[in-house]
Every structure is written in structure tokens, then in C-alpha cells.
Amino acid sequence: QVHLVESGGGLVQAGGSLRLSCAASGSIFPVVIMAWYRQAPGNQRELVARITRAGTTSYADSVKGRFTISRDNAESTVYLQMNSLKPEDTAVYYCRMSWGSTEYWGQGTQVTVSS
């Protein structure tokens, strides 16, 4: 069984920064795709950033140039560095691990950006 534990969320003023972490259990981490999603109240969950096992990254247009996803395979951890935060970035952020048709989700961490 794989467990994902997110941390690093909190309350920050607009223009500030936060760094989210997602630690994964198990030894399969180097071969999986990791991603961050977010869901604001009343909205659907949306993809924020994704990183493949080779380190290729992709981002939602709304966060390009402000967010950076990275991974540490030795520590089985994926990070999301969020800079220049905006009130519209407020949401619960979820970590997702996937390979083939298998996926696991973390419990989510709240990010609130005040104006």
C-alpha cells in the first residue's frame, strides 16, 4: 500500500511564497509520475503541475512562471515551490502518484492566499 503525505500549506499574503512537499512510502517512487492538483470551493479539481520519472515538467497556464515542481527520488518526495501567490491560488492542494492505470492521492493541504 502506498501512502502520500502532503505538508507545507498555510496562510500567506498575496505575493508571498510557500513550498509544498509530498512524501511517498514504498520503493516504486522513481518510476512513477507525480503531480499536484488543486480544488477550490465550488470548482473541479484541476491539474497544477506534473513531473515524469525522467524529470520532464508541465504546468497549468495559470501558474507558469510562478510555480516549480521538482522531485527527489532518493527521498521519495515531490515538491511544489509556489512564488508570487495570488488570492486565486487559494485551494486544497493534492499530491497524486500514478503509473499505468494505478493512482494514489494524498489527503490534501490547504493553501490560503489573502489579498
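Can you tell me the dipole magnitude for the chain around its Cα centre, using point charges on the Cβ only (Lys, Arg +1; Asp, Glu -1), in Debye to the nearest 20?
140 debye
Compute the whole-percent fraction of alpha carbon pairs in the chain spaced more than 18 Å apart.
Here the tail beyond 18 Å accounts for 45 percent of pairs.
On average, how much accessible surface per residue is there in segment 26-115, in Å², for a 1.4 Å probe, leaving out ligands, DNA and RNA?
So segment 26-115 comes to 51 Å² accessible per residue, rounded to a whole number.
With all protein chains present, how much of the accessible area of the chain (probe radius 1.4 Å) comes from carbon and sulfur, to the nearest whole percent?
Of the solvent-accessible surface of the chain, carbon and sulfur hold 47 percent.
Which trypsin sites (Lys or Arg not before Pro) in segment 27-115 pass both tests, a DSSP loop state and at most 16 other beta-carbon atoms within 10 Å?
Taking segment 27-115 and a limit of 16 other Cβ atoms within 10 Å, the loop trypsin sites (Lys or Arg not before Pro) found are ARG45, ARG53, LYS64, ARG66.
The values are calculated or read from the model by the stated rules, or taken from the named source; none is laboratory data. All of these numbers come straight from a predicted model, not from anything done at the bench. In this analysis, Cβ positions are derived from the backbone assuming ideal geometry, glycine residues included, and neighbour counts consider all displayed protein chains. Keep in mind that these areas ignore ligands, DNA and RNA; they rest on the heavy atoms of the full protein, side chains included. Shrake-Rupley method; radii C 1.70, N 1.55, O 1.52, S 1.80 Å.
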